[in-house]
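Structure first, commentary second.
The values are calculated or read from the model by the stated rules, or taken from the named source; none is laboratory data. Remember, it's a predicted structure, so these values are computed and weren't measured experimentally. Cβ placement follows ideal geometry from the backbone for every residue including glycine, while neighbour counts extend to all protein chains displayed. These area figures cover heavy atoms from the full protein model, side chains too; ligands, DNA and RNA do not enter into them. Shrake-Rupley method; radii C 1.70, N 1.55, O 1.52, S 1.80 Å.
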Amino acid sequence: MTILHVITGLKVGGAERALYNLLNSGITEYGNVEVVSLTGPGYYGPLISALGIPVHYLDFAQLARATHDVHGLSRIVRKARPAIVQGWMYHGNLAAMLARAVSPGRPSLVWNVRHSLYDIAQERRGTRWAIRIAAALSRFVDRIVYNSDLSKLQHEAFGFCGAQASVIGNGFDTESWCPNLAARRETRRSLGLSDDDRLVGFVARYHPMKDVPTFLKALAIAMADDARLHCAMVGRDTGPDNPSLARLIANLPAARMHFLGQREDVHKLMNGFDLFCLSSWSEAFPNVLGEAMACGVPCVSTEVGDSRRIIGDTGFVVPRSDPEAMACALMKALAEPLSVRLERGKAARQRIEDNFSLQFCVNQYREVYEALRARQRSTGNPLR
């Protein structure tokens, strides 16, 4: 049996990382796997290829090449002869439907929705069109998988079919994302921090939905209250070179701000944090919260997506776009005795192990595939 995954792209992002984690965690033992990226190799393409999985690259981002790449997708599908076509993200889902239409036989179609839908007007025009088209076509999909309960509710309220929908939260590799005392010491040494300094971490690329300004405003309040408070900003375009952030950053004490850019050793850097903060106004299932918690770092997060479900009672959840509330939560968390913060970190790690392990996620996808196999057999169209 071949499963063909069709994804919008393979750059650094939550959906892309979720696909890579799934492929790197035993799901390939279920059958042959191939991947189609609509917009090139990005960051994860070479990593997936290194797993021995065929990856095909198209260029749907260029309108002039769209017709050519439809034929390219058709050739890939006819050669792979998939039993299941699984889309990832809106444009990948629509392309997966096209792949099913041109495939020999009739493979099962799975959509993977990785996005929250608070206000469609806030989305880019192309994304708005993709969402509306997907809602109209969703009744023809064999299974829609959401990565958060909130995302499922929001999309079904918008018109997505709920008959064959399920929720599979993201899974985390708790062997790679884990407490590491040596990494903590190295991170703090590299930033010139003492044991008494407090370090708040922020990990995200610059994007409007990440609401970096709210975090910086909250940070200014908290830093004015605590002279020991430092901040590590990790992610593309989240430093003073970004004109959209320069004024807010200028209001912060430069000696206590550490702009690290995009990094590939985030699992090590996180061990140096005393607290992690997420300020997004739109998320579905924020991977970064689970990663921080798996490293034993308690979190402060906005009430977004499934953040409350992920954090439970191990951290703090505040309203979206409210710098004062976020600052209060940061100050409250850092004012707790060290013993309490350490217990929060241990509880956060345990919560991820108990509820969001990668193996649990893989098993849920296997159950989806088994259900599709059973349905195909019952209709006389067995999966190859």
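Note on LEU181/ARG263: beta-carbon distance plugged into 1/(1 + (r/R0)^6) with R0 of 22 Å gives a FRET efficiency of 0.65.
Given a 1.4 Å probe, how much area per residue of the stretch 232-384 is accessible, in Å²?
Working: 6580 Å² over 153 residues.
Computed with neighbouring chains in place, this is 43 Å² per residue.
Computed over the Cα atoms of the stretch 323-368, the ratio of the radius of gyration to the Kirkwood radius (Rg/Rh) comes to 1.25. Treating r as the C-beta distance of ASP119 and ARG308 and R0 as 30 Å, the FRET efficiency rounds to 0.90. Proximity of backbone amide H atoms, modeled 1.01 Å from N, is registered between VAL33 and ILE3 at under 5 Å, excluding neighbours fewer than 5 places apart on the same chain.
Per-residue 3J(HN,Hα) values for the stretch 28-36, derived from phi via the Karplus relation 6.51 cos²θ - 1.76 cosθ + 1.60 with θ = phi - 60°, read 5, 5, 6, x, 5, 10, 9, 10, 10 Hz in sequence order (x marks Gly and Pro). Surface composition of the chain: carbon plus sulfur atoms contribute 51% of the solvent-accessible area (1.4 Å probe, protein chains only, all chains present).
Taking amide H as placed 1.01 Å from N in the peptide plane, the amide H of HIS207 sits under 5 Å from that of VAL212, each at least 5 places away or on another chain. Among the listed values (1) 22.5; (2) 17.2; (3) 18.6, the one matching mean projected area of the Cα convex hull in nm² as calculated from this structure is (3).
Taking every protein chain into account, the 1.4 Å probe leaves HIS91 with about 80 Å² of accessible area, to the nearest ten. In this structure the stretch 1-53 gives 33 Å² per residue of accessible area when probed at 1.4 Å with all protein chains present.
State the antiparallel share, in %, of DSSP beta bridges confined to the chain, rounding to the nearest 5. Please report the intermediate quantities before stating the final value.
Details: 1 of 46 bridges.
Here the share of antiparallel DSSP bridges comes out near 0 percent.
Sequentially through the stretch 84-89, phi angles give Karplus couplings (6.51, -1.76, 1.60; θ = phi - 60°) of 9, 10, 10, x, 9, 6 Hz, Gly and Pro residues having no value and appearing as x. Remark: the ASP354-VAL340 segment gains 3.0 nm on full extension, using 0.36 nm per residue and subtracting the alpha carbon distance.
Could you state the angle between the C-alpha long axis of helix 125-137 and the longest principal axis of the C-alpha atoms of the chain, as a value from 0 to 90 degrees rounded to the nearest 10? Tilt of helix 125-137: around 50 degrees. Kindly express, to the nearest 10 degrees and within the range 0 to 90, the angle between helix 212-225's C-alpha long axis and the longest C-alpha principal axis of the chain. Between the helix axis and the principal axis of the chain, the angle is about 20 degrees.
Report the full-extension gain for the segment ALA136 to ASN242: residue separation times 0.36 nm, less the Cα-Cα distance, to one decimal in nm. Intermediate values should be presented prior to the final figure.
Numbers: separation 106, 0.36 × 106 = 38.16 nm, distance 3.87 nm.
Between ALA136 and ASN242, full extension yields an extra 34.3 nm.
Once backbone amide H atoms are built at 1.01 Å from N, LEU229 has ARG198 as its partners under 5 Å, excluding neighbours fewer than 5 places away on the same chain.
Find the accessible area per residue for the stretch 92-176; the probe is 1.4 Å, ligands and nucleic acids are left out, and the unit is Å².
42 Å²
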